[in-house]
């Protein structure tokens, strides 16, 4: 393929040169016929014509190349769309039987088919946990498909900062048991309650952001480690910072962390489980709120993820109404 492109370039160059020479001779013949023979004018005219010939040939070649590239890009986009639709169809079809299987397990667990032994209870509980993991992965893949099809809306409603903090505190209760089981110290700091500061958020979507960041912090922080969540209010934003003392992210891999399906090498070495879609979704959701997400990390020394959400009214506007 490279040789063909090289030969094509040489052909274009020769075509331009010979085309220019031919055009130059025709023009020179006409000029000299009318004005007489002149070596200087001959060289000048020949050079100008060769240059023009090369430029014209390359412009024609570039136009043809642009058409080919555009056509190839359209085909690639069609293939990508078809792949996205296929993934959407497959994961959507998997969700229903998995949900039915989960319901059956819950019925066994609830004693609908008789009392379970301790071993049976353990097996059922493990099965429910694995199914929940698969359903969570399917939900993430469906969200990615919707993002690529531009069909994942961010439906924002206005809430006060105090309401937002209550929602966060309620969400943290779900992680408190897991944090205690792993013997991890947890620190949580919030700003003073302010009823007249508001945000426009889709709490259902933001729950996914918190869940993913907290789950990662918990998963990649060893026993007796530390996790802290700090929420502050800046001039025009509320800023969430989640820090952990976990495995960190290798420096050379940090630029790829928000890419779809990407997982750092040390994360994969620690656990083969994981899809690499959580941070991709988190970035989409935060940016869909008009915010920004970023992180600071050092391998083996922990990570701090930050994301900020714009306030509906600035702090100055709030203070003016007190």
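So the values come out like this:
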read-out: Where labels lie 7 Å past Cα in the beta-carbon direction, separation of residue 163 and residue 252 in nm; value: 4.9
read-out: Whole-number D in µm² s⁻¹ for the stretch 202-291, Kirkwood Cα-pair radius fed into Stokes-Einstein, 4 °C, 1.567 mPa s; value: 91
read-out: In nm, spacing of pseudo-spin labels at residue 75 and residue 142 (7 Å Cα→C-beta vector); value: 3.5
read-out: Ranking of 222, 150 by count of other Cβ atoms within 10 Å, fewest first; value: 150, 222
read-out: Cα extents of the stretch 185-242 along the three principal axes, largest first (Å); value: 40, 24, 16
read-out: Quarter of Cα convex hull surface for the stretch 157-320, i.e. mean projection, nm²; value: 9.2
read-out: Label-to-label distance, nm, for residues given as residue 260 and residue 106 (7 Å Cα→Cβ offset); value: 3.1
read-out: Residues 219, 301, sorted so that the one with the fewest Cβ neighbours within 10 Å comes first; value: 301, 219
read-out: The stretch 144-250: C-alpha pair distances exceeding 20 Å, %; value: 47
read-out: Relative intensity, log₁₀ I(q)/I(0), of the stretch 117-189 from a Debye sum that treats every alpha carbon as a point, q = 0.16, 0.17 Å⁻¹; value: -0.99, -1.04
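Computed from the coordinates by the stated procedures, all read-outs in this text should not be read as laboratory data. A quick note: this is a predicted structure, and the numbers were derived from the prediction, not measured. Neighbour counts are summed over all protein chains in view; Cβ atoms, including those assigned to glycine, are modelled from backbone coordinates with ideal geometry.
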